[in-house]
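Chemist: Let me give you the structure first, and then I'll get to my questions.
The values are calculated or read from the model by the stated rules, or taken from the named source; none is laboratory data. Bear in mind the structure is a predicted one, so any value in this text is a computation, not a measurement. Every residue, glycine among them, receives a Cβ derived from its backbone with ideal geometry; neighbour counts consider all protein chains shown. The area values use the complete protein model at the heavy-atom level, side chains included, leaving out ligands, DNA and RNA. Shrake-Rupley method; radii C 1.70, N 1.55, O 1.52, S 1.80 Å.
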Amino acid sequence: MPDIDFNEINEVIDSLKSGWLTSGPKVKIFESNFQKFIGESTHAIAVNSATSGLHLALEALGVSFGDEVIIPTLTFTATAEVVRYLNADIKLVDIDPITLNIDINEIRKSITNKTKVIMVVHYAGLSCDMGPILAIAKEFKLKVVEDAAHALSSKYKGITIGSLQSDATVFSFYANKNITTGEGGMVVTKSKKLADRIRIMRLHGIDRDVYNRFQSKSPSWYYQVIEPGFKYNMTDISAAIGIHQLKKLPSFLKRRQYLANRYHKLLSDLPLVLPKDDMENGIHSWHLYVIRIRKNAKLSRDELIEFLSDTGIGTSVHYIPLHRHPYWKNRYQLSNEMFPVADHIYKCMLSIPLYTAMTDQDQDLVIEALHRALK
Ligand SMILES: *Cc1c(COP(=O)(O)O)cnc(C)c1O
């Protein structure tokens, strides 16, 4: 649930009055502030969704027909679909039963001479163990892209997600993400070459963007098309929201941490597996709070979801693993047995409400309902 106040509203009004509706000064400011948040020697490129950002990152890395991209099965379909946009193929792998992130041993087993990229997902906001993943990538000369749609403000061993040594990291500002711009995303990379390519490809393959055309000394009508690019730029209206959302990110994180801690404490007496917190100086962004029902519980997952729904509590399942969706299943002849960990966890998992505007009283209702259902 988005957490918006008068700051975002006034900034959007300012955009509407200024005449800059598409990518303009506010996108520049948002990119610059975001880049500063992530860390030195990074480039930040704003786009209209994380899906667009993932597509642009893979395109810039040269992913094309015949290539394979390794992806965890427990993710949203966007992570995988962008590989197909480029006519390349995915190689789905199982997850780790404790972190629910990609299983590193399975990555190693899935590498073939077609493998080009390892795409990881920091599931729910818990960082993948990036040290070994980056080491495998180096050993086999592979690229690494981080789908960090859940992981804005997460840290891996003290390092902010987005500033590790992977090739590109992509964040989402969809309405339910840790900060929002309505729709939007950001690609972060340490490579200037990659950043330049992504900047050009996000706007029709034109070698200068509209704002630059009005700022620079050469005539404003002049530009050159160097590729058939995409229409993936962020609008100033979105950036207006993002500028203020980003300022509130530290307080948003605190609230999410507080609520997650409260769930840990107050649900610990129930037949549930509670999510693992980060360790070793890590920070979990708590985008999702995913619980798993133990075998000995009175209710099944589906029954619990129905019980909570009857009580007025909305929950969801993140995600139906990709190997269970017809398109992916048929294209790669996948079966549930090929992903025993993700498949088992899928059947007993659900995400319970956690959002920054949630009050302690809102949370108490969820905690009480879970006790009534499971105690
Ligand atoms: C939300 C999400 C995306 C897509 O983000 P958009 O900004 O909506 O394109 C991709 N991957 C994961 C894991 C997500 O949760």
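Chemist: Give just the number: which of (1) open to solvent by 50 Å² or more (accessible area, probe 1.4 Å); (2) of a type outside the set (Phe, Trp, Tyr); (3) out of contact with any strand residue (DSSP E or B) (no Cβ under 8 Å at 6 or more places or on another chain) does Val82 not satisfy?
Modeler: (1)
Chemist: Inside the range 248-284, can you point out the residues that are in contact (Cβ under 8 Å) with a residue 40 or more places away in the chain, assigned to a helix (DSSP H, G or I) and more than 30 Å from Phe30 (Cα to Cα)?
Modeler: Arg262, Tyr263, Leu266
Chemist: A further question follows. Please count how many residues of the range 165-181 are in contact with a Phe, Trp or Tyr (Cβ under 9 Å, 6 or more places away or on another chain) and either within 11 Å of the ligand (Cβ to nearest atom) or closer than 19 Å to Leu56 by Cβ (or both).
Modeler: So the answer is 6.
Chemist: Return the residue satisfying two criteria in turn: it lies in the range 311-336 and is aromatic (Phe, Trp, Tyr) and part of a helix (DSSP H, G or I), and of such residues it is farthest from the ligand (Cβ to nearest atom).
Modeler: The qualifying residue farthest from the ligand (Cβ to nearest atom) is Tyr332.
Chemist: Next question. Which residues, taken from the range 349-365, are open to solvent by less than 20 Å² (accessible area, probe 1.4 Å) and over 24 Å from Leu249 (Cβ atoms)?
Modeler: Met349, Leu350, listed by residue number.
Chemist: While we're on this one: Report yes if Ile313 is of a type outside the set (Ser, Thr, Tyr) and within 20 Å of the chain's Cα centre (by Cα), otherwise no.
Modeler: No.
Chemist: Check off (1) in contact (Cβ under 8 Å) with a residue 60 or more places away in the chain; (2) more than 15 Å from the ligand (Cβ to nearest atom); (3) touching a strand residue (DSSP E or B) at 6+ places or on another chain (Cβ under 7 Å) for Asp147 and give me the number that stays unchecked.
Modeler: (2)
Chemist: How about the range 71-145: which helices (runs of 4 or more DSSP H) wholly inside it have at least 1 residues that are modelled with pLDDT of 95 or more and among the polar types (S, T, N, Q)?
Modeler: In the range 71-145, 77-85, 104-110 are the helices (runs of 4 or more DSSP H) which contain 1 or more residues that are modelled with pLDDT of 95 or more and among the polar types (S, T, N, Q).
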